[in-house]
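Structure first, commentary second.
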Amino acid sequence: MSERKPIECWLTDMDGVLVHEGQPVPGAKEFLGRLKQAGKPFLVLTNNSIYTPRDLHVRLRAAGLDVPVESIYTSALATAQFLDDQRPRGSAYVLGEAGLTTALHEIGYILTDLDPDYVVLGETRTYSFTAITRAIRLINNGARFIATNPDPIGPSIEGALPATGSVAALITKATGVEPYFVGKPNPLMMRNALNTVGGHSESTAMIGDRMDTDVVSGMEAGLFTILVLTGVTTEKEIERYPFRPQRVAASIADLVDMVDLPDLAEG
């Protein structure tokens, strides 16, 4: 294998890498500060479609992490971008929250339950049986089925919650129609993120806490993949997968020195 180029651009997952249950992961503030000091372009990626980038900016700031709004890229934004490429100014019936509906409004989509082009499924804190039933009937009548991400469960203080992937499975069982999942591990989200931040696969790293989403999508997009052990995947579980990250770190604190600072010797 040829030697990779130095890392000039950074993509990182949010939950399990920068924050955990609303608290900053030790080293996250220092890592973000190093990126800014070095002037490296970066993007925080999340499969969470509930919140807008502005919402997430505020939530991260409450955890003591300063991430600009324009440096946050969600599966809702990736879904909106995909739909805008596929069928500009179309229509959709949406099961989701402000992160998804706002993203679709901003690309000029009409949100309707009257013969929409798409049924778009995202995350919501409370899935409505009535809304799911309407989605099933619209898909049976010919609407195309899109989902923001395949994550089957999401975290809460009380324990696991059914998430987009689980509800998508319910709708698929009722309709026989599989959704197209836009978010991770679809490498499309990685390519969109690279385009957004102006990065190149040969000089970009992806940091994540999950082998089945972050690492596999980074690998398939040709990025340098780093798994941190502060989230979902444990060290023992790595060997269960037929692929490996190029680096495993205890936490993002161990990656600060990987961010090269500009050479100030000439000054």
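Across region 74-230, the relative contact order, built from alpha-carbon pairs under 8 Å that are at least six residues apart, equals 17 percent. Hey, if you drop one equal point scatterer on each alpha-carbon of the chain and run the Debye formula without solvent, what base-10 log of I(q)/I(0) do you get at q = 0.13 Å⁻¹? The computed values of log10 I(q)/I(0) come out as -0.84. For region 77-141, the relative contact order is 34 percent, taking Cα pairs closer than 8 Å that sit 6 or more residues apart in sequence and dividing their mean separation by the residue count. Computed over protein heavy atoms with a 1.4 Å probe, the accessible surface of region 58-130 works out to 48 Å² per residue. Mean projection of the Cα convex hull over all viewing directions, computed for region 1-143: 11.4 nm². Atom-type composition of the exposed protein surface of the chain places 51 percent of the accessible area on carbon and sulfur (1.4 angstrom probe). For region 29-113, the alpha carbon positions stretch 46, 24, 16 Å along the principal axes, listed from largest to smallest. Taking 0.36 nm per residue of separation and subtracting the current Cα-Cα distance, fully stretching the chain between residue 240 and residue 113 would add 41.4 nm. Other residues within the sphere of radius under 15 Å centred on the Cβ of residue 36, judged by their own Cβ, net out at -1 (K and R +1, D and E -1). One equal scatterer on each Cα of region 109-230, no solvent, Debye formula: the resulting log10 I(q)/I(0) at q = 0.12, 0.15 Å⁻¹ is -0.55, -0.79. Relative contact order of region 156-267: what whole-number percent is it, with Cα pairs under 8 angstrom and at least 6 residues apart? RCO, region 156-267: 17 percent. Note on region 1-59: Kirkwood hydrodynamic radius from all Cα pairs is 13.0 Å, rounded to one decimal. Electrostatic bookkeeping for residue 90 treats Lys and Arg as +1 and Asp and Glu as -1; over the other residues with beta carbon under 13 Å from its beta carbon, the sum is -1.
Projected over every direction and averaged, the convex hull enclosing the alpha-carbon atoms of region 126-184 yields 4.2 nm². For the chain, the longest principal axis of the alpha carbon atoms and the long axis of helix 164-175 meet at an angle near 30°.
For the chain, the longest principal axis of the alpha carbon atoms and the long axis of helix 53-62 meet at an angle near 50°. Once the dipole of the chain is set up with Lys and Arg at +1 and Asp and Glu at -1 on Cβ about the Cα centre, which of 225, 164, 114 lies farthest towards its positive end? Of the candidates, 114 comes out farthest on the positive side.
The values are calculated or read from the model by the stated rules, or taken from the named source; none is laboratory data. This structure is a prediction, so every number in the text was calculated from the model and none was measured. As a convention, Cβ positions derive from the backbone with ideal geometry for all residues, glycine included, and neighbour counts pool all protein chains shown. Calculation scope for accessible area: heavy atoms of the full protein, side chains included, ligands and nucleic acids excluded. Shrake-Rupley method; radii C 1.70, N 1.55, O 1.52, S 1.80 Å.
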